[in-house]
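Have a look at the structure below, then the notes.
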Amino acid sequence: MKPRHRKCRCCGQWFSPQPHNAYHQRYCAAVFCRQASKRASQRKWRRKNPGHFADKDHRLRVKRWRENHPGLEEDARQMPSEGKRY
């Protein structure tokens, strides 16, 4: 049976989960809570996949990409992020 109301893990407010994911939704729809949900999800993924981005092949690939695209990362960081959901 799907829960009708659930307490948000971030803010502690009661909310009604979305019908399509009510079984596993743990955070409400507030912006700050969605950000907290994403941080928790990424933290969980990184814990389950240690060293995913730390191996030598990945570092060399990133280094080659940066050499072939000078200044692109800095430009991307300075651009305003439009359309971000979180």
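Applying the criterion of at least 3 residues that are modelled with pLDDT under 90 and of a type outside the set (A, V, I, L, M, F, W, C) to the helices (runs of 4 or more DSSP H) found wholly in the range 22-86 leaves 56-68, 72-78.
Close contacts from the range 15-38, counting a first residue that is within 19 Å of Arg4 (Cβ to Cβ) and a second that is in a helix (DSSP H, G or I), with Cβ to Cβ under 8 Å and a gap of 6+ residues or different chains, come to Arg26/Ser37; Tyr27/Cys33; Tyr27/Arg34; Tyr27/Ala36; Tyr27/Ser37. Which ones in the range 36-58 are surrounded by 11 or more Cβ atoms within 10 Å (Cβ to Cβ) and either assigned by TED's automatic domain parsing to the domain that holds Cys10 or under 29 Å from Arg9 (Cα atoms) (or both)? Ala36, Ser37, Lys38, Arg39, Ala40, Ser41, Arg46, listed by residue number.
The values are calculated or read from the model by the stated rules, or taken from the named source; none is laboratory data. Computed from a predicted model, the values in this text were never measured in an experiment. With ideal geometry, Cβ positions are generated from the backbone for all residues, glycine too; neighbour counts draw on all protein chains shown.
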